[in-house]
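Read the structure below first, then the notes.
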Amino acid sequence: MHKDAKTIIQKTITDVLPDRAVLEALKGMELSDQVYVVAIGKAAWVMAKAASEYLSHRLRKGIILTKYGHSRGELEHFEIIEAGHPTPDANSVAGAKAAIKLIHEVSGDDTVLLLLSGGGSSLMELPMDGLTLEDIQDVTRQLLYCGAGITEINVLRKKLSAVKGGKFASYLRHTKAFSVILSDIIGSNADMIASGLTYPDDSTAEDARRIVATYQLKLDEKVEKVLYASQPCQDIQVENHVVGSVEELCRAVAVHARELGYTPHILTSSMQCEAKEAGRWIASLADSEYEKPFALIAGGETVVKVTGNGLGGRNQELALAAAEKLSHRDNILLFSLGSDGTDGPTDAAGGMVDGKTVELLDEKGISIEETLRNNDSYHALKAVGGLIMTGATGTNVNDVTVLLCR
């Protein structure tokens, strides 16, 4: 079953790489003889490479803003800047300034092609007037630690940033511009991908106030002033094309599970809850009435409320929580991973557990309850060989959790 799981993971990641989707989108665009490319996100390098091969001699110049370790080397005509994720750093600001500088070189007869993918919210940042990078970092960390959902996080990100929530598109008003967007957002909220660099901001000051109150965020007075006074950007003249999705991720898993003899059942592609609860819920379905062998598939993006100082990510925490309910059962396995190959601030894509995981942890004196309380799923899973290590995959279409049962 571990071999089956690894096969499903490998083939699924290959299926959701953005190369083909980028090429299909470009074929439908009326591009000029000179094209400038700005690629932002965890999948930026792979998307930029696909675009450069299609554009050939029409590619004038480009820039890639991606996460540390997600570049695959030099790419002709492109400047590459790696930056912090999920919290922006100085390189995020440098990248934003470099992208704006590039756009200023574009003439009215040229085309700007934006290639956007998840992670862009952190990888490109320019604080609003009156704010510093440290202000943005503080708010981001509070949101990540309190268990806020990605949509809630991005509502505040938009209002504190001088490039998000459609503001970046304001630099493109005098030139033809297209965007190809690889979606890592649940549902139809395309304006939340990379915090809506090329979409109008429909969120309100009241939305921001509600989020601040819900999670009891502690904000500096100057941050509150900007947050509640930020005006939505509505003058967008970029033609957006959204490609890829968590639905496609789930369908790819289903195809490859079926190839291995499992009957696949996609439970949801919009899972949004606390990671621990998601793991326990999916594991509890092992006793359901589905005819064996089966594969239960759930896509989406869970959250972690940080109460400890350990190391881990939402997929690792989900898998570890599931392990308790799978304890001492044969012919059962659960894995959960982020399609980008990095789960939280770790080098693992996610976690994999089976009926023997709890026994192995007990032998090493590791308590699941204490580990989850300390948010230290990475070290617990590493101790029993339960980490999924793919490296940066070159795509980012959210997370998927799979329960295999024979």
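One residue alone among Leu114, Leu143 is in contact with a helix residue (DSSP H, G or I) (Cβ under 8 Å, 6 or more places away or on another chain), under 27 Å from Gly69 (Cα atoms) and crowded, with 18+ Cβ neighbours inside 10 Å, and that residue is Leu143. Considering segment 1-92, the qualifying strands (runs of 3 or more DSSP E), each wholly inside and each with 1 or more residues that are surrounded by fewer than 20 Cβ atoms within 10 Å (Cβ to Cβ) and without any contact (Cβ under 8 Å) to a residue 24 or more places away in the chain, run over 78-83.
Condition (residue is assigned to a loop (DSSP other than H, G, I, E, B), open to solvent by less than 10 Å² (accessible area, probe 1.4 Å) and either under 21 Å from Val303 (Cβ atoms) or touching a residue at least 12 places away in the same chain (Cβ under 8 Å) (or both)) applied to segment 150-159: is it met by at least one residue? No. Within segment 160-184, being open to solvent by 10 Å² or more (accessible area, probe 1.4 Å) and of a type in the set (A, V, I, L, M) holds for one residue alone: Ala162.
Tell me which residues, restricted to segment 122-154, are closer than 24 Å to Leu17 by Cβ and at pLDDT 95 or above. Ser122, Leu123, Met124, listed by residue number.
Of all positions in segment 303-319, none carries a residue that is open to solvent by 30 Å² or more (accessible area, probe 1.4 Å), more than 25 Å from Val253 (Cβ to Cβ), without any contact (Cβ under 8 Å) to a residue 40 or more places away in the chain and not β-branched (Val, Ile, Thr). Residues in segment 381-406 that are part of a helix (DSSP H, G or I) and at positive phi: there are none.
Filtering segment 271-302 to residues that are open to solvent by less than 60 Å² (accessible area, probe 1.4 Å) and of a type in the set (Ser, Thr, Tyr) leaves Ser284, Ser288, Thr302. Of the residues making up segment 199-223, just one is under 23 Å from Ala169 (Cα atoms), assigned to a helix (DSSP H, G or I) and of a type in the set (D, E, K, R), namely Asp207. Ala278 meets the stated requirement of being part of a helix (DSSP H, G or I), over 30 Å from Phe168 (Cβ atoms) and in contact (Cβ under 8 Å) with a residue 24 or more places away in the chain. Please tell me if Arg329 is of a type outside the set (Gly, Ala, Ser), buried (at least 21 other Cβ atoms within 10 Å of the Cβ) and either farther than 14 Å from Ile9 by Cα or within 23 Å of the chain's Cα centre (by Cα) (or both). No; evaluated as a whole, the condition is false for this residue.
Pick from segment 348-374 the residues that are open to solvent by 10 Å² or more (accessible area, probe 1.4 Å) and assigned to a loop (DSSP other than H, G, I, E, B): which of them is nearest to Ile186 (Cα to Cα)? Within segment 348-374, the match that is nearest to Ile186 (Cα to Cα) is Asn374.
Considering segment 249-263, the residues that are surrounded by fewer than 18 Cβ atoms within 10 Å (Cβ to Cβ) and touching a helix residue (DSSP H, G or I) at 6+ places or on another chain (Cβ under 9 Å) include one that is nearest to Asp4 (Cα to Cα), namely Leu260.
Answer yes if at least one residue in segment 338-347 is in a strand (DSSP E or B) and either of a type outside the set (A, V, I, L, M, F, W, C) or more than 19 Å from the chain's Cα centre (by Cα) (or both), and no otherwise. Yes: one or more hits.
The values are calculated or read from the model by the stated rules, or taken from the named source; none is laboratory data. Keep in mind that what you see is a predicted model, and the values were worked out from it rather than measured. So basically every Cβ, Gly included, is an ideal-geometry build from the backbone, and we count neighbours across all protein chains shown. Each accessible area value is taken on the protein alone, full model and side chains, heavy atoms only, with ligands, DNA and RNA left out. Shrake-Rupley method; radii C 1.70, N 1.55, O 1.52, S 1.80 Å.
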